[in-house]
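Structure record follows, encoded as structure tokens.
The values are calculated or read from the model by the stated rules, or taken from the named source; none is laboratory data. Everything numeric here is computed off the predicted structure, so don't read it as measured data. With ideal geometry, Cβ positions are generated from the backbone for all residues, glycine too; neighbour counts draw on all protein chains shown. Please note that ligands, DNA and RNA were not included when accessible areas were found on the heavy atoms of the full protein model with its side chains. Shrake-Rupley method; radii C 1.70, N 1.55, O 1.52, S 1.80 Å.
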Amino acid sequence: MLDCAIIGGGPAGLTAGMYTTRGGLENVVMFEKGMPGGQITQSSEIENYPGVVGEISGMDFMMPWPAQCQKFGLKHEMVEVTRVSKDGDIFKIYKEDGTITQAHSVIICTGSAPRRAGFAGEDELFGRGVSTCATCDGFFYRGKEVAVIGGGDTALEEALYLAKICSKVYLIHRRDSFRSAPNTVERVKKSANIELILNSIPEEVYGDAMGVTGLRIKNSSGEVRDIQVLGVFTFVGNDINNKILLQEDGSFLCDVNKHGEVVVDINMRTSVAGLFAAGDMRLSAPKQVVSAAGDGAVAALQVISYVDEKLNS
Ligand code: FAD
Ligand code: NAP
């Protein structure tokens, strides 16, 4: 019986692991299906985490995190969790290898995955000019031209963010009307360095050994145009990794909103006692390493009190 099961070993899960074990919980396991580190290990550079000065890749940045946790007693089981359920007061963690672990409390930190738009070259040049994070990568295109794909709130807000850094932003959307809030659309239309390219889809992003050099787009009349951008940002929606909360009857173990995000309060508590969620998968997450780590710490401090009260009452 674990004091706490942490599911997911990205910045949220690792920080939760560090705070729970350092805070006195002795029996904590982090279930991570791959190497710990999370999505940021895909990034060629991180420069917006406090204290980071100089160039460091996401992989190198995350390297010391697991060792720091192990020092305080966190155990890592490399396995995919398939489901979490609650039986009375006890959580059951179902794993891909067919085994089940029981725990007094659970912190879910399985993150989210930005969708890919599906055009040629997108996967090959991902991380070398193709990005799904303007806050993370926008600065690399300071004073340069970039393209943004999508017509929702994220695409338009990120286009406005990029327009402050880049010399020009091409906003490419497959229809002639946007999903985004009307005032955001107005701000985009008024922006001097955002060019709207509507009724158009990206056909192919291409580049060389240094990264992206251009994007070919096609409009609804079949006309093809090349734009010489160095960065292509796709914002075509996000999938929250919430499947492990699905129960046998098709319902979620705890409250999940219409976007699939786990509903939490300010202390990362879900609607189920003893179940916490942290990082990119929780309601309105800023989707940054620093906020994921902060969530992990908040959830861990709550878990310590919860387990203490449960075992000593
Ligand atoms: P994640 O990092 O997504 O970690 C979730 C973990 O859970 C993964 O390791 C996954 O393997 C594991 N997992 C999922 N399902 C299961 C399961 N069923 N069983 C077991 N394990 C499971 N943020 C910044 O602040 N600055 C940046 O510069 C920056 N750059 C980025 C660049 C790229 C290319 C990407 C993709 C993201 C970037 N981000 C950046 C965002 C940042 O990576 C995320 O906000 C952060 O990693 C979220 O942390 P998390 O712990 O919530 O989730
Ligand atoms: P979204 O609303 O689902 O928008 C995705 C956009 O990408 C749509 O415009 C869609 O086009 C386009 N798209 C999807 N697949 C594509 C493809 N393969 N190729 C080209 N274009 C494609 O996603 P989101 O913008 O990430 O927003 C998600 C939710 O979060 C929304 O409810 C949004 O309101 C909310 N959100 C709110 C705020 C805020 O309130 N400030 C900020 C960010 C997000 P179509 O329009 O043609 O379908």
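List of remarks:
- With 5 Å bins beginning at zero, the pair-distance distribution over Cα atoms of the stretch 130-234 amounts to 3, 14, 27, 25, 20, 9, 2, 0, 0 %.
- Taking Cβ atoms as reference points and 12 Å as the exclusive limit, the residues near Val185 contribute a net charge of 0, counting Lys and Arg as +1 and Asp and Glu as -1.
- The convex hull drawn around the Cα atoms of the stretch 34-139, when projected onto a plane and averaged over every direction, covers 9.6 nm².
- When peptides 11-19, 220-228, 35-43, 155-163 are sorted by average Cβ neighbour count within 10 Å, with the highest value leading, the order is 11-19, 155-163, 35-43, 220-228.
- Residues whose placed amide H lies under 5 Å from that of Tyr170, excluding near-sequence neighbours: Val146, Ala147, Val148, Glu195
- Spacing of the two label points (7 Å from each Cα toward its C-beta) at Ala273 and Asp176, in nm: 5.8 nm
- Antiparallel beta bridges, as assigned by DSSP with both residues in the chain, represent about 45 percent of the total such bridges.
- Accessible area per residue for the chain is 48 Å², calculated with a 1.4 Å probe on protein heavy atoms, without ligands, DNA or RNA.
- Sorted peptide list for 234-241, 278-285, criterion being average Cβ within 10 angstrom, highest first: 278-285, 234-241
- Environment charge of Thr21, counting only residues whose C-beta is closer than 14 Å and scoring Lys/Arg +1, Asp/Glu -1: +1
- For the stretch 130-234, share of DSSP beta bridges that run antiparallel, in % to the nearest 5: 45 percent
- Here the 3J(HN,Hα) profile of the stretch 187-197, calculated from phi with Karplus coefficients 6.51, -1.76 and 1.60 at θ = phi - 60°, is 4, 5, 5, 7, 5, 5, 10, 10, 9, 7, 10 Hz, Gly and Pro shown as x.
- Of all accessible heavy-atom area on the chain, the percent that carbon and sulfur account for (1.4 Å): 49 percent
- Residue by residue, the stretch 165-171 carries 3J(HN,Hα) couplings of 9, 9, 6, 7, 10, 8, 9 Hz when phi is fed to the Karplus relation 6.51 cos²θ - 1.76 cosθ + 1.60 (θ = phi - 60°); x denotes Gly or Pro.
- Kirkwood-based shape ratio for the chain, expressed as Rg/Rh from alpha carbons: 1.03
- Amide H partners (placed H, <5 Å) of Leu2, local residues excluded: Gln102, Ala103, His104
- For the chain, built as a Gaussian network whose Cα springs stay under 10 Å, the top-fluctuating residue of Phe233, Phe140, Phe276: Phe140
- Cysteines in the chain that, by Cβ-Cβ distance, have no pairing candidate under 4.7 Å: Cys4, Cys69, Cys109, Cys166, Cys254
- Phi-based couplings in Hz for the stretch 20-33 (Karplus 6.51, -1.76, 1.60; Gly and Pro marked x): 5, 6, 5, x, x, 6, 9, 10, 10, 10, 9, 8, 10, 6
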